[in-house]
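Read the structure below first, then the notes.
The values are calculated or read from the model by the stated rules, or taken from the named source; none is laboratory data. Bear in mind the structure is a predicted one, so any value in this text is a computation, not a measurement. Backbone-built Cβ (ideal geometry, glycine too); neighbour counts: all protein chains shown.
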Amino acid sequence: MAETAAAHAPGAVEHEGPNYIAVFIYLTLLTGAELGVYGLGLPKPVMVGALVALALAKATLVAMYFMHLAIERKGLWVVAATPLVIIAFCYFMLRPDLSRRSWASHPEDMVIGHHEAPETGGMPQVPQGNALSNSDQPAGSQVGQPNPAPAGGESPSGTAASPAPEGGAAQPPANP
Amino acid sequence: MSQAAAIDTHAHGEGFHDELEPSLTPGNSGKLGMWVFLAGDAMTFGAGIAAYGALRWYNVNWPNPADWLGITLTAIMTFILICSSLTMVEALSGVEHGNMGKMRGFLALTVLGGIVFLGCQAFEWHHLIMGEGLSIKTSLFSATFFILTGFHGMHVSGGVIYLSSVLLGSLGKEASHHQVKVVEVAGLYWHFVDLVWILIFTFVYLI
């Protein structure tokens, strides 16, 4: 995988380059795969999982070969990987917080889109009960399904900021 | 290129060796600086995307993105950015091999790719703002959309200016170790911009 002789020329960077065209072709194919998965109309959890996997694969290719992370010192990987840890924390710390917001309990009060888009895209029927409170739902589960568990544990909007221990006592732990 | 090593070692600390703690990026401390900057930037984008994901998870009323956003144009934009990453890395390869003509040509193509991307983004925004009446304060959906894509668009704009500066600064200069370092660092930034777009395209448009 070398651009060989010039790698030893004076002043040249000492690493050999990967085959950039091959990486480009892989990226294009993965983009096509993403569009294919998108167009297939798979069940939502499967589609989301496939798309996330494809996106991460593309991101990894760009980072490893275009940004040369694969041939850098491993200490640099720590610099590059730190945001991933932080982002994971950010997402999983937001979820229990957001699940206790009033509009999570009473979605019918919350206007998300200003347009009533045509039937397909308009406000879906909000089922009875609170579909959103239990973050124990597996990732990608249909959020619209009524949740027999302790949606009743959700207090009305006035106490949306109920502290975690109180919430934890009333319902299953927020973190899966 | 043989005088390049002589030019560079004389003052810029490239020859500084710390026996106790070798550099993470030997020979190019700008590269480490750029990586650290990109890590911070990734946290900003990541927080934005994570917040978008968390908000969307808890809102059954979230509009279907396909009802509002054009996937075809965005797919083309994604492809354009991937091509521009390729041209960027070819520009780096050019300067590493002492071929300034190749470097400038591919760098110009990269800048062009960025400009075309921005044009497509502007077209899309124009349609959403003028045609559909969306704005950043219309709804949570539109707010997260405009903030994420707008913040990314800002980065692309900055990258276009950055790369143009590198390109103009290279005019009349011969290939040197310094040029290699400059182009390499600029390339890191550009690839980062592409990487973030790959994630935004997936999470905002497709999912």
Tell me which of these B:GLY172 doesn't satisfy, since it passes every other one: (1) surrounded by fewer than 16 Cβ atoms within 10 Å (Cβ to Cβ); (2) at pLDDT 95 or above. (2)
Restricting attention to the range A:73-97, which residues are without any contact (Cβ under 8 Å) to a residue 12 or more places away in the chain and at the interface with chain B (Cβ under 7 Å from one of its Cβ atoms)? A:ARG73, A:GLY75, A:LEU76, A:VAL79, A:THR82, A:PRO83, A:ILE86, A:ILE87, A:CYS90, A:TYR91, A:LEU94
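State which residue is surrounded by the fewest Cβ atoms within 10 Å (Cβ to Cβ) when the search covers only the range B:67-82 and only residues that are at the interface with chain A (Cβ under 8 Å from one of its Cβ atoms) and not aromatic (Phe, Trp, Tyr).
Among those that are at the interface with chain A (Cβ under 8 Å from one of its Cβ atoms) and not aromatic (Phe, Trp, Tyr), it is B:ASP67.
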Of everything in the range B:1-42, what is hydrophobic (A, V, I, L, M, F, W, C), part of a helix (DSSP H, G or I) and modelled with pLDDT under 60? Give them in sequence order. B:ALA4, B:ALA5, B:ALA6, B:ILE7
Provide a single number: the residues in the range B:169-197 that are in a helix (DSSP H, G or I), among the acidic types (Asp, Glu) and over 8 Å from the mean Cα position of the chain (by Cα). 1
Going by what's in this entry, would B:VAL166 be described as within 14 Å of chain A (Cβ to nearest Cβ) and part of a helix (DSSP H, G or I)? no
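Restricting the range B:43-56 to residues that are more than 7 Å from chain A (Cβ to nearest Cβ) and within 14 Å of B:THR144 (Cβ to Cβ), which is modelled with the lowest pLDDT?
B:ARG56
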Provide a single number: the residues in the range B:83-125 that are without any contact (Cβ under 8 Å) to a residue 40 or more places away in the chain, buried (at least 21 other Cβ atoms within 10 Å of the Cβ) and within 20 Å of B:GLY70 (Cβ to Cβ). 1
Subset of the range B:96-125 that is closer than 30 Å to B:ALA175 by Cβ and of a type in the set (Gly, Ala, Ser) - its residue that is farthest from the other protein chains (Cβ to nearest Cβ): B:ALA108
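Considering only the range B:109-147, state which residues are among the aliphatic types (A, V, I, L, M) and under 25 Å from B:VAL60 (Cα atoms). Spell out the reasoning first.
Let us first name the residues in the range B:109-147 that are among the aliphatic types (A, V, I, L, M), namely B:109, B:111-112, B:115-116, B:118, B:122, B:128-130, B:134, B:136, B:140, B:143, B:147.
Of everything in the range B:109-147, those that are among the aliphatic types (A, V, I, L, M) and under 25 Å from B:VAL60 (Cα atoms) turn out to be B:LEU128, B:ILE129, B:LEU134, B:ILE136, B:LEU140, B:ALA143, B:ILE147.
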Yes/no for A:ALA80 being modelled with pLDDT of 90 or more, among the small types (Gly, Ala, Ser), under 21 Å from B:TRP190 (Cβ atoms) and more than 16 Å from the chain's Cα centre (by Cα): yes
Looking only at the range A:38-71, and only at residues there that are at the interface with another protein chain (Cβ under 7 Å from one of its Cβ atoms) and closer than 17 Å to B:LEU38 by Cα, the one that is nearest to the chain's Cα centre (by Cα): A:ALA59
Give B:GLY94, B:GLY105, B:GLY98 a once-over and let me know the one that is over 17 Å from the mean Cα position of the chain (by Cα) and outside any helix (DSSP H, G or I). B:GLY98
Contacts under 8 angstrom Cβ, first residue in the range A:53-67 being farther than 17 Å from A:ASN19 by Cβ, partner buried (at least 23 other Cβ atoms within 10 Å of the Cβ), 6 or more apart: A:LEU54/A:GLU34; A:LEU54/B:THR202; A:ALA55/A:GLU34; A:ALA55/B:ILE198; A:ALA55/B:PHE201; A:ALA55/B:THR202; A:ALA59/B:LEU195; A:ALA59/B:ILE198
For a quick check of your reading of the model, give me the residue pairs whose first member lies in the range B:183-202 and is more than 7 Å from chain A (Cβ to nearest Cβ) and in contact (Cβ under 8 Å) with a residue 24 or more places away in the chain, whose second is among the basic types (Lys, Arg) and surrounded by fewer than 24 Cβ atoms within 10 Å (Cβ to Cβ), with beta-carbon atoms closer than 9 Å and at least 6 apart or on different chains. B:GLU184/B:LYS31; B:VAL185/B:LYS31
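Take the conditions facing chain A (nearest Cβ under 10 Å), part of a helix (DSSP H, G or I) and either in contact with a helix residue (DSSP H, G or I) (Cβ under 7 Å, 6 or more places away or on another chain) or surrounded by fewer than 24 Cβ atoms within 10 Å (Cβ to Cβ) (or both) and apply them to B:LEU128. Does it pass? Walk me through how you get there before you give the answer.
Working: facing chain A (nearest Cβ under 10 Å): no; part of a helix (DSSP H, G or I): yes; either in contact with a helix residue (DSSP H, G or I) (Cβ under 7 Å, 6 or more places away or on another chain) or surrounded by fewer than 24 Cβ atoms within 10 Å (Cβ to Cβ) (or both): yes.
Considered against the rule, which asks whether it is facing chain A (nearest Cβ under 10 Å), part of a helix (DSSP H, G or I) and either in contact with a helix residue (DSSP H, G or I) (Cβ under 7 Å, 6 or more places away or on another chain) or surrounded by fewer than 24 Cβ atoms within 10 Å (Cβ to Cβ) (or both), B:LEU128 comes out as no.
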